[in-house]
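To start, the structure under review is shown below, and the notes come after it.
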Amino acid sequence: MDTYEGKDLGLTYSPGSSVFKVWAPTAKAVSLVLYDTGGNEDGTSAVSGVWDRGQILQMQPWAQGVWQIKVREDLNGKYYMYRVTSEEGEVQEVADPYATAVS
């Protein structure tokens, strides 16, 4: 299994762009899912009551089991999750394991 010694995993934010990196060496695919709202358990926004399905962006394999994507827009106030597809085809949406806070 690959290892990664870098200290840059998770979200690196700036107003002009944000880079997302996650170490998932056994994943078949990884996507970034951007949400406008934090949502509730039923998937609706606490503010509008509208389902926030999120914007799905395919991440690219980078190095040593790391997947990454650079989003060239200001994501201030957005929420995100990773959608990971296993080799067996199972899909799970997970919080960023490198985040310092989650909603």
Taking θ as phi - 60°, what are the ³J(HN,Hα) couplings along segment 77-87 by the Karplus curve (6.51, -1.76, 1.60), each to the nearest whole Hz, with x for Gly and Pro? x, 8, 10, 8, 9, 9, 10, 10, 10, 7, 4
What residues have an amide H closer than 5 Å to that of M59, excluding those fewer than 5 places away on the same chain, when H is modeled at 1.01 Å from N in the peptide plane? V30, S31, L32
Over 20 Å between alpha carbons, listed pairs K7/K78; K7/K28; K7/K70: K7/K78; K7/K28
Order by protection proxy (mean Cβ within 10 Å, highest first), peptides 26-34, 65-73, 8-16: 26-34, 65-73, 8-16
First select every other residue whose beta carbon is under 10 angstrom from the beta carbon of Y82; then total the charges, Lys and Arg +1, Asp and Glu -1. -1
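A short reminder: the numbers here are calculations on the coordinates, not readings from a lab. Just so it is clear, the model here is predicted, and its values are computed rather than measured. Positions of Cβ are generated from backbone atoms using ideal geometry, with glycine treated the same way; all protein chains shown enter the neighbour counts.
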